[in-house]
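Enquirer: Here's a structure for you.
The values are calculated or read from the model by the stated rules, or taken from the named source; none is laboratory data. Please read all numbers here as calculations on a predicted model, not as lab measurements. Here the Cβ is made from the backbone with ideal geometry for all residues, glycine too, and neighbour counts use every protein chain on show.
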Amino acid sequence: MSNGEKIGEVTHFFGKISVAVVKLNKGIKLGETVQFVGKNTDFSQEITSMQIEHEAVSEAATGAEVALKVQDRVRSGDAVFRLTDGS
């Protein structure tokens with residue numbers, strides 16, 4: 001489990017390009033560290049690439065669906081948490 005704040009859930013994963021589609025219930029920005037947690041998933045990474053509808057963005061608002069470049073496999077239904085300093 002995570003110490004962070006839940007900010008969304010994975011709705012799709014594109015394995016060939018390592019991109020997760022995340023439905024947000026909190027806004028996020030490039031440079032923040034997030035953790036992906038699921039039955040077979042548990043890793044954290046910095047957000048280095050984020051797109052909305054194939055357009056690169058530096059931040060995304062609550063309710064947006066964003067595509068995030070991920071360093072490991074994620075699965076639909078995995079929770080996404082924002083890690084705060086000290087997590």
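Enquirer: Only residues in the stretch 1-18 that are surrounded by 15 or more Cβ atoms within 10 Å (Cβ to Cβ) count as the first member; pair them with residues that are at pLDDT below 95 and small (Gly, Ala, Ser), Cβ under 6 angstrom, at least 6 apart or cross-chain, and list the lot.
Expert: Note: pairs meeting the criteria are Gly4/Ser87.
Enquirer: From the residues in the stretch 57-82 that are touching a Leu at 6+ places or on another chain (Cβ under 9 Å) and assigned to a strand (DSSP E or B), which one is farthest from Val10 (Cα to Cα)?
Expert: In this case the residue turns out to be Glu59.
Enquirer: Which of the residues that make up the stretch 24-47 are assigned to a strand (DSSP E or B) and loosely packed, with under 15 Cβ neighbours inside 10 Å?
Expert: Matches in the stretch 24-47: Lys29, Asp42, Phe43, Glu46.
Enquirer: Now, a different point. Identify, please: which residue in the stretch 48-84 is among the hydroxyl-bearing types (Ser, Thr, Tyr) and either modelled with pLDDT of 95 or more or in contact with a strand residue (DSSP E or B) (Cβ under 6 Å, 6 or more places away or on another chain) (or both) and is, among those, surrounded by the fewest Cβ atoms within 10 Å (Cβ to Cβ)?
Expert: Among those that are among the hydroxyl-bearing types (Ser, Thr, Tyr) and either modelled with pLDDT of 95 or more or in contact with a strand residue (DSSP E or B) (Cβ under 6 Å, 6 or more places away or on another chain) (or both), it is Ser58.
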